[in-house]
Amino acid sequence: MDDANPLEYQNGIPQALRMMNSPFTAKSDVTAGQITAGAKSPADAIEAIYLTTLARRPSQRETERLSNYVNRPGATTRTAYGDILWALMNSSEFVLNH
């Protein structure tokens, strides 16, 4: 018997390649910059990315965790926000809902 969780979507190779090679995801750092242009803090930027991508606000835990990611030593906000956008677009939540 298969113990797979029916609520967890498993991407296949064609879907993964399509997402990795999409012109939109390839330029996610530019797009994230556009989404977060008016943000006054990492929390505001993360909320904007979540609302744009998943049509919901991030939980407090998600905001804290991703703010730590944005503020890590050596990180640039442009790259960090692009990484967050790319991760959300490749999440099961995004793939199943959009």
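Taken together, the values in this text are just the output of simple stated rules run on the coordinates, not laboratory data. Just so it is clear, the model here is predicted, and its values are computed rather than measured. All Cβ positions, glycine included, derive from the backbone under ideal geometry; neighbour counts span all protein chains shown.
List of remarks:
- Cβ-based exposure ranking for 52, 36, in which fewest neighbours within 10 Å come first: 52, 36
- Shape summary of the range 24-97, radius of gyration then Dmax from alpha carbon positions: 11.2, 34 Å.
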